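The values are calculated or read from the model by the stated rules, or taken from the named source; none is laboratory data. Predicted model, so just to flag it, every value in this text is computed and none were measured. When we count neighbours, we look across all protein chains shown, and the Cβ atoms used for this are built from the backbone with ideal geometry, even at glycine. Areas reflect the complete protein model, heavy atoms only, side chains present, ligands, DNA and RNA absent. Shrake-Rupley method; radii C 1.70, N 1.55, O 1.52, S 1.80 Å.
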Amino acid sequence: MSQNKQNHASEIANEITNMGQIERLSRKMDNMRVAEYVEMISNPRRIIFMNFVAGLARGLGMGIGFTVLAGIVIYLLRSWVNLPYIGKIVADLLNIIDGYR
């Protein structure tokens, strides 16, 4: 019985030691992030570069998103609306524009 109590006590001690190690590791990781943030703040070129890359990513995402959305809308309109009629309207507009030239 005392052997079981000793095993249980050693398991608890191991868990506490592991928790301490995990806590120390967590603190070190937090300190690394703070150091990285301070480094980024102190380097204006890095901030400009990071914002430039983020802007490019946003612009590219918006461009792709708009293209997909426009394609879906055109696809749906093609099935709902008689496009030859719209084509006739566009052709008439082009004839009117050519008449003014």
Would you please name the residue that is least open to solvent (accessible area, probe 1.4 Å), looking only at residues in the stretch 27-66 that are polar (S, T, N, Q) and part of a helix (DSSP H, G or I)?
-> 42
From the residues in the stretch 67-101 that are part of a helix (DSSP H, G or I) and basic (Lys, Arg), which one is most open to solvent (accessible area, probe 1.4 Å)?
-> 78
Output the qualifying pairs, or none if there are none: Cβ atoms under 9 angstrom, residues six or more apart or on different chains, first residue in the stretch 43-61 and free of Cβ contacts under 8 Å to residues at least 24 places away in the same chain, second residue open to solvent by less than 70 Å² (accessible area, probe 1.4 Å) and in a helix (DSSP H, G or I).
-> 46/40; 47/40; 50/40
